[in-house]
Amino acid sequence: MTIVNRHPGVTVIDDRRMRAMIKLTWFGLGLLVACGGKQPAGGGTEEMSGMDMMMSKSMNMSDDDGSQFGPLEIGADWATYVKMNTAPVPSETHGGRLVDTYVNPLGAAAYLDEDAEIPIGTVLVKTSQEPDGTPGPLFVMEKKSPGFDADRGDWYYAIHWADPAPAWKQKLGGPIYWRTPSKRAAYCVECHENYDRGLGGVPAPQRLQSLPE
């Protein structure tokens, strides 16, 4: 911490450090809001999580090249990936849904090794389940080449929901496919840049301990 002592016995933090501390404080408060809510069944607004509030508010944004719906592209073969958890994981940052994490063979070993660098071309897909057991959105990440988005670890993000529950379909206006660089995928970026390697990981109790033979 940088300290400026202008008067004996008085400690003053310089303006740049103070601004950074204030920013971190407000970000932490925002993250608590985003992670602390609960997902109501059917896309209602009561006690809506930060993730679902973001999806609702995003419908007021103008359309862009990364928000037109279509078939899932990156991660479409997720069913052939390595499942990284042994049981579904409740994830507040994904709207309180139960999620399963799949990683393509290229990146599976590095994903398990917390000290390893994630290879370019690694694809992660989180499948999700709504409280009533119906399928929720797919959440996708891909590690891109250096320079794609250097400030955020060169990660690509997408949210794909081909068949939302009726209440969500009405709220969202139909199926969604929001992906980098769309502003509608910004929540993914803002959340993941706070994690080591840009990964949220799997909690230890549900984490796969070794790759299948």
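Worth a mention:
- Selection of the stretch 177-191 for residues being closer than 21 Å to LEU72 by Cα, out of contact with any His (no Cβ under 7 Å at 6 or more places or on another chain) and either part of a loop (DSSP other than H, G, I, E, B) or not small (Gly, Ala, Ser) (or both) yields TRP178, ARG179, THR180, PRO181, SER182, LYS183, ARG184, TYR187, CYS188, VAL189.
- From ALA108, ALA76, residue being under 23 Å from ALA204 (Cβ atoms) and surrounded by fewer than 22 Cβ atoms within 10 Å (Cβ to Cβ): ALA108
- Selection from the stretch 124-153 of residues that are among the acidic types (Asp, Glu), surrounded by fewer than 22 Cβ atoms within 10 Å (Cβ to Cβ) and farther than 16 Å from GLU190 by Cβ: GLU130, ASP132
- Long-range neighbours under 6 Å by Cβ, at least six apart or interchain, first residue charged (D, E, K, R) within the stretch 112-134, second in a strand (DSSP E or B): LYS126/VAL99; LYS126/THR101; LYS126/PHE139
- Top-ranked residue of the stretch 151-173 - restricted to ones that are within 19 Å of the chain's Cα centre (by Cα) and either part of a loop (DSSP other than H, G, I, E, B) or of a type in the set (Lys, Arg) (or both), ranked as modelled with the lowest pLDDT: ARG152
- Residue that is surrounded by the fewest Cβ atoms within 10 Å (Cβ to Cβ) [pool: residues in the stretch 154-174 that are closer than 22 Å to VAL123 by Cα and out of contact with any helix residue (DSSP H, G or I) (no Cβ under 7 Å at 6 or more places or on another chain)]: ALA162
- Among (1) in contact with a helix residue (DSSP H, G or I) (Cβ under 9 Å, 6 or more places away or on another chain); (2) part of a loop (DSSP other than H, G, I, E, B) - the single one PHE148 does not satisfy: (1)
- Of the numbered criteria (1) surrounded by fewer than 16 Cβ atoms within 10 Å (Cβ to Cβ); (2) closer than 26 Å to GLY174 by Cβ; (3) touching a helix residue (DSSP H, G or I) at 6+ places or on another chain (Cβ under 9 Å), the one THR86 fails is (2).
The values are calculated or read from the model by the stated rules, or taken from the named source; none is laboratory data. Bear in mind the structure is a predicted one, so any value in this text is a computation, not a measurement. All Cβ positions, glycine included, derive from the backbone under ideal geometry; neighbour counts span all protein chains shown.
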